[in-house]
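The values are calculated or read from the model by the stated rules, or taken from the named source; none is laboratory data. The structure presented is a predicted model; accordingly, all values stated were derived computationally and were not measured. Here Cβ is always computed from backbone atoms with ideal geometry, including for glycine, and neighbour counts include all displayed protein chains. Surface accessibility is based on the protein's heavy atoms, side chains included, excluding ligands, DNA and RNA. Shrake-Rupley method; radii C 1.70, N 1.55, O 1.52, S 1.80 Å.
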Amino acid sequence: MSLQLHDLLLKGYFPKELPPPFVTASYAQALCGTQPQVAPPMDAFSSSPCHSAPSIHNLVRTGGLRRNLAIPNPKHFFRLAEHIVAHWADFTSHTSLSRFSLTKPVDAGAERAISPEHDLSSRVGYRANLRATNRFLLKADISRFFPSIYTHSIPWAVMGKSSAKSAHTSGTLKGSWSDKTDRFSRSIFNNQTIGIPIGPDTSRLIAELILSRIDLELAEKFPMLEGIRYIDDYEFAFATRSKAEEVLSHLQHLLNEFELALNTNKTTA
């Protein structure tokens, strides 16, 4: 079953942390019901700029730490959602390339339109298996992951960085589905190239797309590497400390290539 636009507008627009009274049923019905009540919004690729800043919901978490969740402009979110639904097979073909990810996107979620393939509780079993036969563990976390994502790296993730840059130089990148993903992602975040909003299901999908490319290149460098990734948290197991340090060095290199960096406070080997 493929992702449906109505489901993405209904269950994938608001951050899951919002209280239950906040829903988007009328929004989804107005645009995707049997008799839509409003016309779809204007094309985001018109000659005039078409972007907006999201509203920010400041979420208070345990310990006093706050997290800025974003609620995009509904018009611009519709265009991003419509694009993702149209290219769902392209997205999932690329996110399936990672052999480490536990959060590959699937469209069968009861509560969300796009859900991770495995929930957080299942990570315990994978961790136990990793640690059972190895002496050393590498734990790595990406620093300020969603706020640090460089949207121009989306085509890099799909095509490979060098191929995407060559396509950009030759003019063949413009209009591709990965280039449009970059543009639509910026349209809901005030046209910024750094950062994507925390909260919508679309951001989880785009994040997986980028990290799947990094996972793929890491696995190509180390074919015997054992490990898991849950969103942006990595865990790898090794027989020797030297191999752990070698993988850590290369992971940092790959992240740098995508304008990302490890959180030194949460990375240990």
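In table form, for the structure just shown:
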item: Unmet requirement for residue 29, which otherwise passes all of (1) modelled with pLDDT of 75 or more; (2) open to solvent by 60 Å² or more (accessible area, probe 1.4 Å); (3) part of a loop (DSSP other than H, G, I, E, B); result: (3)
item: Residues satisfying the stated conditions in the stretch 133-142, i.e. in contact with a strand residue (DSSP E or B) (Cβ under 6 Å, 6 or more places away or on another chain) and open to solvent by less than 50 Å² (accessible area, probe 1.4 Å); result: 134, 137, 138, 140, 141
item: Residue match in the stretch 169-179 (condition: open to solvent by less than 20 Å² (accessible area, probe 1.4 Å) and of a type outside the set (A, V, I, L, M)); result: yes
item: Answer from 89, 108 - the residue that is outside any loop (DSSP other than H, G, I, E, B), farther than 21 Å from residue 188 by Cβ and not charged (D, E, K, R); result: 89
item: Residue 111, sole failed condition from (1) under 25 Å from residue 250 (Cβ atoms); (2) touching a residue at least 40 places away in the same chain (Cβ under 8 Å); (3) loosely packed, with under 14 Cβ neighbours inside 10 Å; result: (1)
item: Qualifying residue in the stretch 242-252 (condition: surrounded by fewer than 16 Cβ atoms within 10 Å (Cβ to Cβ), β-branched (Val, Ile, Thr), more than 20 Å from residue 182 (Cα to Cα) and touching a strand residue (DSSP E or B) at 6+ places or on another chain (Cβ under 8 Å)); result: no
item: Residue match in the stretch 66-80 (condition: out of contact with any helix residue (DSSP H, G or I) (no Cβ under 9 Å at 6 or more places or on another chain), of a type outside the set (A, V, I, L, M, F, W, C), open to solvent by 10 Å² or more (accessible area, probe 1.4 Å) and touching a residue at least 40 places away in the same chain (Cβ under 8 Å)); result: yes
item: Subset of the stretch 84-106 [among the small types (Gly, Ala, Ser), open to solvent by less than 50 Å² (accessible area, probe 1.4 Å) and within 14 Å of residue 3 (Cβ to Cβ)]; result: none
item: Answer residue from the stretch 222-269, given it is of a type outside the set (Val, Ile, Thr), more than 27 Å from residue 155 (Cβ to Cβ) and part of a strand (DSSP E or B) and is nearest to the chain's Cα centre (by Cα) among those; result: 235
item: First in the stretch 165-176 and without any contact (Cβ under 8 Å) to a residue 24 or more places away in the chain, second anywhere and in a loop (DSSP other than H, G, I, E, B) and open to solvent by less than 40 Å² (accessible area, probe 1.4 Å), Cβ under 9 Å, 6 or more apart; result: 165/173; 166/173; 167/173; 167/176
item: Any hit, the stretch 157-169, residues being closer than 30 Å to residue 18 by Cβ and in a helix (DSSP H, G or I); result: yes
item: Scan of the stretch 207-237 for residues that are among the basic types (Lys, Arg), open to solvent by less than 10 Å² (accessible area, probe 1.4 Å) and free of Cβ contacts under 8 Å to residues at least 60 places away in the same chain, ordered by number; result: none
item: Criterion violated by residue 206 - all others in (1) part of a helix (DSSP H, G or I); (2) over 30 Å from residue 19 (Cβ atoms); (3) in contact with a helix residue (DSSP H, G or I) (Cβ under 9 Å, 6 or more places away or on another chain) satisfied; result: (2)
